[in-house]
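The values are calculated or read from the model by the stated rules, or taken from the named source; none is laboratory data. Not measured: the values here are computed from a predicted model. When we count neighbours, we look across all protein chains shown, and the Cβ atoms used for this are built from the backbone with ideal geometry, even at glycine.
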């Protein structure tokens with residue numbers, strides 16, 4: 001297989017499969033998407049209409065950027081599924097705990113009121 005866009009390559013007569021790395025064009029496209037997501041993040045911060053949902057929007061955009069970096073620049077996309085599992089499960093657990101704490105403390109602030117102390 002001479003395809004360089006992704007997948008695995010198998011040499012004739014050999015039984016060892018090696019992942020085919022993406023081309024420089026793919027890396028440049030991913031970098032462009034990361035730049036666009038960063039510009040959107042900065043733009044969302046300065047738009048007053050996003051104030052009520054600022055934190056969730058920024059978390060989603062950051063998660064998208066994190067996923068792109070891990071998949072392409074850290075080569076997790078072409079790696080074994082075991083490594084994806086070893087990264088994904090603790091990451092998901094940490095995200096659930098962080099969101100739970102966010103709701104817990106945000107709920108405490110709204111029940112007490114921001115000025116009460």
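Evaluated against (1) touching a helix residue (DSSP H, G or I) at 6+ places or on another chain (Cβ under 8 Å); (2) closer than 23 Å to residue 28 by Cα, residue 87 falls short on exactly one condition, (2). Among the residues of this structure, residue 78 does not count as one that is surrounded by fewer than 10 Cβ atoms within 10 Å (Cβ to Cβ) and farther than 25 Å from residue 96 by Cβ. Quick check, is residue 62 surrounded by fewer than 14 Cβ atoms within 10 Å (Cβ to Cβ), on the phi < 0 side of the Ramachandran plot and modelled with pLDDT under 85? So residue 62 fails the test.
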